[in-house]
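The values are calculated or read from the model by the stated rules, or taken from the named source; none is laboratory data. The shown structure was predicted, so the numbers you read here are calculated from the model rather than taken from an experiment. Don't worry about glycine lacking a Cβ; one is built from the backbone with ideal geometry, like all the others, and counts go over all protein chains shown.
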Amino acid sequence: MNKRIETLERKHRELFPDGGKPVIIAGPGRINIIGEHVDYAGGFVLPSAVDREILLAASLRKDNKLKLYSLDYNEGFEVDLDNLTFNVKKRWANYIMGVFFVCKEAGYKFTGANMVFGGNIPQGGGMSSSAALEVAVCYALRLLNGLKFSDIELVKLCQKAENRFVGVMCGIMDQFASAMSKAGNLLLLDCRNLDYKLIPADFTGIKIVLADTKKERTLAGSEFNLRREQVTKAAELLGKPLRNFSISEFEANKSKLDAVLQKRAKHVVYEIDRTMKAVEALKKNDMTTLGNLLYATHESLKTDYEVSCKELDIMVDIASKVKGVIGSRVMGGGFGGCTITLVKEGNVTELKEKLLKEYPVRSGKQTEVWVCNLADGMREMQI
Ligand code: GLA
């Protein structure tokens, strides 16, 4: 970590010799144990930040300029705060501009900033590097300008940046997890009103393994927005939010929906139920039940919600056959990205070896596999 901070500081000094000592902010990526594609339907989710993060060095400017540099892309970007517009070529810059844009719109007063950032969250890997960046930027903006908004307001601003500026109608789970997590816990978040509880997650003897399909998520934005519209439509036709349906009530009413909307709504209603069952299983340390719920979520995301793909299915299939694997499924938005697998500690090596060997043969793509630990959310790093 220190080495990464040193590199950031050096680059900041080199690019902005008059910028002074920057603040260093961490915005972590997230995993989600269960509760997928239900946040924008007001459902329950069970995510946490993990020990992979974006680190951002930021300093205040006296003028109105935003001067940005991405270490990972090795490129800079400069824009006037009065002229923030979506940039098709520098996609990474949009997440930062978006945060400034919505903060300005909300009436907060601030000046320009210098920002250098880099991360070790796989981009497009389904761990929400975009939310991590938004959260780190918003934290820096608040700190540097002495603004007083709450952490929850920060989360909402970051979601708005992605909805309104980047154009992806994401729910609030990613930004919430990246901002509010506490190491050693999962967040049980009620996305209807943002009430949340920390659920101690004692994964003693169990590891969380992520495997990247390396599949480009070309459909992710447009199909994601379409799913959200379908869920909204289904709720309208059924007369109340899907979150308010029990399974039996949904089954009694589902014929009011056409075949596609029935499948989408079914995923949401059953997934919320699975999430609550997962919390109970965790409380009892019943890992077998938890694992089966993960597999059921994968099946539902594949068959009813239709956000899986060949590569994700192959990944889950390989994992499911490894000794010690408790459960496995697509994580995050889908259409590529990564799978999350819970596995007994003693079988991690075997799982990694199987994935690294069999996935390329069956999919024609390479993969990367990581073990993740639950971590704190956004924070200022002391240097
Ligand atoms: C993406 C979105 C989240 C959530 C997940 C699916 O990560 O950004 O808001 O909808 O997909 O659970």
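Of note:
- Search result, residues across region 324-353 that are in contact with a strand residue (DSSP E or B) (Cβ under 9 Å, 6 or more places away or on another chain) and part of a helix (DSSP H, G or I): E345, N347, V348, E350, L351, K352
- On inspection, V137 passes the criterion of being buried (at least 18 other Cβ atoms within 10 Å of the Cβ), modelled with pLDDT of 95 or more and more than 16 Å from the ligand (Cβ to nearest atom).
- Filter result (closer than 25 Å to V361 by Cβ and hydroxyl-bearing (S, T, Y)) within region 291-328: Y295, S308, S320, S328
- The residues in region 158-180 that are more than 10 Å from the ligand (Cβ to nearest atom) and hydrophobic (A, V, I, L, M, F, W, C) can be counted, and the count is 6.
- Of all residues in region 103-133 being crowded, with 23+ Cβ neighbours inside 10 Å and closer than 15 Å to V168 by Cβ, the one that is nearest to the chain's Cα centre (by Cα): S128
- Helices (runs of 4 or more DSSP H) within region 224-314 that include 2 or more residues in contact with a strand residue (DSSP E or B) (Cβ under 8 Å, 6 or more places away or on another chain): 259-283, 287-303
- Taken over region 1-25, the criterion of being assigned to a helix (DSSP H, G or I) and surrounded by 12 or more Cβ atoms within 10 Å (Cβ to Cβ) is satisfied by R4, I5, T7, L8, E9, R10, K11, H12, R13, L15.
- Looking only at region 294-323, and only at residues there that are over 20 Å from the mean Cα position of the chain (by Cα) and among the aliphatic types (A, V, I, L, M), the one that is farthest from G333 (Cα to Cα): V322
- Filtered residue count, region 330-362, keeping only those that are more than 14 Å from the ligand (Cβ to nearest atom) and under 17 Å from T297 (Cβ atoms): 3
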